[in-house]
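What follows is a structure written as structure tokens; I'll ask about it next.
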Amino acid sequence: MGALVIGGGPIGVGAYFALKAAGVDDVVVSEPSAGRRAILSALEVEHIVDPLSESVIDVCRDLTYGEGVAVAIDCAGAPQAFPDAMQALSYSGRMVIVAAFEKPIELSTRLLIGEKVIRSSEIYTREDFGAVIGAMARGGYRTNGGWIKTVEFGDVERVLRELREGRHMKVLVRTP
Amino acid sequence: MQSVRIHAKGDVRVEVIDPPSLEPGAVLLGDGYTGICGSDLHIYFAPEAMAWDFTRPAELNGAMWLQVMGHEFSGRVLAVADDVVDVAVGDNVAIFPVHTCGKCSICRVSDGHSCRVLAMDGLQRRTGGMAEVKIVEAANCFVLPETVDLKLGALVEPMAVAWRGVALSAPEWALS
């Protein structure tokens, strides 16, 4: 069974690690930023797609004998990425939207055909919280590749602006 | 003690505030890290676009700006109240930052992670990650095993967001 993660930012990386913890062999991560794709590569993500130059639909179908992936996790909130992801799903495939959408997305029969499910998700349960710690203890979350940076209290306002410009992936602020 | 507080849209300040004192059921936390989240960017750049109005008291607990920032945080336990038994001084912990009413229909059938009046540390609470010392309910402390350090501990919250999305995508997958 295959899965697609839309967006290779911190939440997309988290979705990737969770899918691997669930035992999914083929996870495709779609990410338009070359810098973020380099980080995904360092994290040993098995299928990395640049949606601006490759077809996410074709990659997902090629991995699944033409059927499409069972699951897509939207961690991007990009209206242009959503239609391809819906079409990359198999019959009765499930789309979970974790991302926030700043712009509306359009639905059409072309996207919905095949008894698909679209579900939203925002906040975890206590059970999820404990399960993540368990998976971390088993080594399921890699922190290499430069996706995590550490800064001090005095850097926070500057880093907020830099994050807005897409200049970092995940920033941790050290408690002095 | 040093803290990072948001005063208004586009106004984040490093400033000295009074340290909290211990109360029943709580622990004091130092060290550790706080992650900066996409929602922190929304709060700083466009709070008017968010579901919450930070200029009015939160329905659950009355909290409003000024607010110590940071809802993704870890720390080391500095002190525990006399009635706390599950957490000990010196433990490294990740904080479950979600607070709910406990009475609504959602809280009655689940742990309330979709409670309508939900409030979070670092968003609408007296506590947030970016303070030298913070008071946290012992019940919200998840003790970290030795193999999970304080940096990973600060990543538990965002990784749990993604984990939840994956858990909802395919109930038959063995996530634990």
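Give the cross-link partners of residue B:103 among the aspartates and glutamates, using a straight C-alpha distance below 17 Å as the criterion and excluding same-chain residues fewer than 8 apart.
Hits, sequence-local ones excluded: B:59, B:111.
State the answer as a single residue: which of B:158, B:42, B:12 lies farthest towards the positive end of the charge dipole of region B:2-166, with beta carbon charges of +1 for Lys and Arg and -1 for Asp and Glu, about the Cα centre.
Selected residue: B:42.
Each label point is 7 Å from the Cα along the Cα-to-Cβ direction; what then is the distance between the points at residue B:139 and residue A:62, in nm?
It works out to 5.3 nm between the two label points.
Then there's this: Calculate the mean, over all residues of peptide A:163-175, of how many other protein chain Cβ atoms lie within 10 angstrom of the residue's Cβ.
Taking all residues of A:163-175 together, the mean is 6.
Under the definition of partner shielding as Cβ atoms of other protein chains within 10 Å of a residue Cβ, what is the mean value for peptide B:107-120?
2
Using just the helices of the protein assembly as shown, give the 222 nm mean residue ellipticity in deg cm²/dmol: DSSP H runs with n ≥ 4 each add -39,500 (n - 2.57), and the total is spread over all residues, rounded to 500.
After summing the helix terms and dividing by the residues of the protein assembly as shown, the value is -7500 deg cm²/dmol.
Sticking with this one: Are there DSSP H segments in chain A that both extend 24 Å or more along their axis (alpha-carbon positions) and score a mean Kyte-Doolittle hydropathy of at least 1.6? List them, or say none.
none
Would you mind putting B:146-157, B:9-20, B:83-94 in packing order, based on average other-beta-carbon counts within 10 Å, highest first?
Output ranking for B:146-157, B:9-20, B:83-94: B:146-157, B:83-94, B:9-20.
Would you list, by chain and number, the lysines whose Cα falls below 23 Å from the Cα of residue B:151, excluding same-chain residues fewer than 8 positions away?
Of all the lysines, those that pass the test against residue B:151 - Cα under 23 Å, at least 8 places apart if same chain - are A:20, A:149, A:170, B:134.
Moving on. With both partners inside the protein assembly as shown, how many of the DSSP beta bridges are antiparallel, as a percent to the nearest 5?
Around 55 percent of the beta bridges assigned by DSSP in the protein assembly as shown are antiparallel ones.
Taking every residue in A:114-122, how many Cβ atoms of other protein chains lie within 10 Å of its Cβ, on average?
Mean number of neighbouring Cβ atoms from other chains: 3.
Cβ neighbours within 10 Å, averaged per peptide: list B:66-74, A:86-94, A:68-76, A:144-152 in order, most packed at the top.
Top of the packing list down: A:68-76, B:66-74, A:86-94, A:144-152.
In the P(r) worked out for region B:2-166, what percent of Cα pairs fall beyond 24 Å?
Pairs farther apart than 24 Å: 34 percent.
Mind running the shape call on the protein assembly as shown? Use the C-alpha gyration tensor, a ≥ b ≥ c as the square roots of the eigenvalues: rounded below 1.5 for a/c, prolate if a/b tops b/c, oblate otherwise.
Judged from the Cα gyration tensor, the protein assembly as shown comes out prolate (a/c at least 1.5, a/b above b/c).
FYI, it's all coordinate maths here, none of it is from the lab. These numbers come from a predicted model, not from an experiment. Glycine also receives a Cβ, built like all others from the backbone with ideal geometry; neighbour counts cover every protein chain displayed.
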